[in-house]
Amino acid sequence: MKRQTATLTLVILTLAALGAAAADIAGTWNAEFDTQIGVQKYQFTFKSDGGALSGTAVAELGGQQRDVELKDVKLEGDAISFYETFDFQGNSIRIDYSGTIQDDGIHLTRKVGDFATEELVAVKSGAEAPNAESASPSGLAAAPDGFDKEREGVPHGQLETVEYDSKSIGIARKMVIYTPPGYDKSKTYPVLYLLHGIGDVEVDWSKKGNAGVILDNLLADGKLTPMIVVMPNGRASKTATVQTPWGEQFPAFAAFEQDLLNDVIPYVESHYPVKADREHRAIAGLSMGGGQTLNFGLGHLDVFAWVCAFSAAPNTKPAEELVPDPEQAAKQLKLLWISCGDKDGLLNISQKVHEYLDEHGVKHIWHIDSGAHTWPVWKNDLYLTSRMLFK
């Protein structure tokens, strides 16, 4: 009888604890966080009905709002999980949330399909938001405040969209080219080929990443070698676009290797006064473009001496394939930069490359930034790496 009573008491206490936890989550919670497509705001509302949890949210991006149904809401102790589905350009994407309830709010990891992972804190309405951490855990100084904002009195370079004939693809294609303030065709300049990610096109390093502004400010501060920056469309296909399902875009990103080598670079070198040797060519890119940077840059060290990969995506080749001859690569590289955000779900990809390089004695910079798979991280990468180029 005593054993039955003890068991019943344990069950009652467990149910009471679960009920208390469910009651704690009920209410409205607000979050604001950076993502690859911009700053998003979420207002989560959770309800408890007889122990069953449900949730909705209002999501805001760029002034546009959408209603969200939170599915399969589960709460076990202080651990919570749920998911939503999001229609993006004809693709249904599942977004999974998991995290814990803490004193200052609900700390959540937000996994967008298999591509991006973000961190956020949802604060209950009426509560004070926690302070965000901004220090870089790698020890390298982060870019100063305002580094990506236009400043009065700073000369501006030119951003020009040009069209070139891609014999590799069989169509005319576009790219954006930055020329620095004071650009003089009688001089020659080094050139950086700057690659975008899977959700972007040739204009997005300038539109979302403020590349021109970052470079202008660095030049005004005397921290940058004047250079021409080429921002091509890394999706080399007659048919694939941003709207194409992500998995079907991978071949187009791989095909860009030949377009870059055989069409983009020759066009740039025949139309702009660039120094046409490997010591004055750099390649850098984010996410999918980070994978391309490692694949094409390390695969063609006769073409590029400066290789900078930001948050490389799963298109990145295995490290032993990227650098089959570590001794030779170490001799040829002027700079090899590998970086990723500490909250990025793709961190393991860059980590494996770094570990291989470290093990085989290939000098490189391994930078772990504070952040997820988002533009603030990549802007900081551009600020840090561009200052090192062609020195």
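Going through segment 310-343 one residue at a time, which ones are touching a strand residue (DSSP E or B) at 6+ places or on another chain (Cβ under 6 Å) and modelled with pLDDT under 95? Steps first, answer last, please.
Of the residues in segment 310-343, the ones touching a strand residue (DSSP E or B) at 6+ places or on another chain (Cβ under 6 Å) are 310-311, 334-339, 341-343.
Of everything in segment 310-343, those that are touching a strand residue (DSSP E or B) at 6+ places or on another chain (Cβ under 6 Å) and modelled with pLDDT under 95 turn out to be 341, 342, 343.
Give the number of residues within segment 317-370 that are in a loop (DSSP other than H, G, I, E, B) and within 14 Å of the chain's Cα centre (by Cα). Steps first, please.
In the first step, residues of segment 317-370 are kept if they are in a loop (DSSP other than H, G, I, E, B); the result is 317-318, 323-325, 333-334, 342-346, 360-364, 370.
Now drop any that are not within 14 Å of the chain's Cα centre (by Cα), which leaves 342-346, 370.
Residues meeting the conditions: 6.
Out of 252, 236, 284, report the one residue that is buried (at least 20 other Cβ atoms within 10 Å of the Cβ), touching a strand residue (DSSP E or B) at 6+ places or on another chain (Cβ under 9 Å) and modelled with pLDDT under 95.
Details: 252 fails: touching a strand residue (DSSP E or B) at 6+ places or on another chain (Cβ under 9 Å); 284 fails: modelled with pLDDT under 95.
After ruling out the rest, the residue left standing is 236.
Looking at segment 30-40, which of its residues are surrounded by 14 or more Cβ atoms within 10 Å (Cβ to Cβ) and at pLDDT below 85? Reasoning before the result, please.
Of all residues in segment 30-40, those surrounded by 14 or more Cβ atoms within 10 Å (Cβ to Cβ) come to 30-37, 39-40.
Once the filter is applied, which keeps residues that are surrounded by 14 or more Cβ atoms within 10 Å (Cβ to Cβ) and at pLDDT below 85, segment 30-40 yields 32, 33, 34, 35, 36, 37, 39, 40.
Going by the conditions given, is residue 317 within 22 Å of residue 229 (Cβ to Cβ) and not aliphatic (A, V, I, L, M)?
Numbers: within 22 Å of residue 229 (Cβ to Cβ): no; not aliphatic (A, V, I, L, M): yes.
Spelling it out, it is not the case that residue 317 is within 22 Å of residue 229 (Cβ to Cβ) and not aliphatic (A, V, I, L, M).
Could you figure out which of (1) more than 21 Å from residue 344 (Cα to Cα); (2) free of Cβ contacts under 8 Å to residues at least 60 places away in the same chain isn't true of residue 95?
The single condition residue 95 does not satisfy is (1).
Listed here are the residues, each with its yes/no results for (1) hydroxyl-bearing (Ser, Thr, Tyr); (2) under 21 Å from the mean Cα position of the chain (by Cα).
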residue: 237; (1), (2): yes, no
residue: 245; (1), (2): no, yes
residue: 253; (1), (2): no, yes
residue: 268; (1), (2): no, no
residue: 272; (1), (2): yes, no
residue: 287; (1), (2): yes, yes
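Looking only at strands (runs of 3 or more DSSP E) that lie completely in segment 53-133, which have at least 2 residues being of a type in the set (Gly, Ala, Ser) and modelled with pLDDT of 90 or more? Let's see the steps before the verdict.
On the way: elements: 64-76, 79-88, 91-102, 105-112, 116-124.
It comes to 79-88, 91-102.
Considering segment 163-201 alone, what residues qualify as being over 19 Å from residue 294 (Cα atoms), under 29 Å from the mean Cα position of the chain (by Cα) and among the aromatic types (Phe, Trp, Tyr)?
Of everything in segment 163-201, those that are over 19 Å from residue 294 (Cα atoms), under 29 Å from the mean Cα position of the chain (by Cα) and among the aromatic types (Phe, Trp, Tyr) turn out to be 164, 178, 189.
The values are calculated or read from the model by the stated rules, or taken from the named source; none is laboratory data. The shown structure was predicted, so the numbers you read here are calculated from the model rather than taken from an experiment. So basically every Cβ, Gly included, is an ideal-geometry build from the backbone, and we count neighbours across all protein chains shown.
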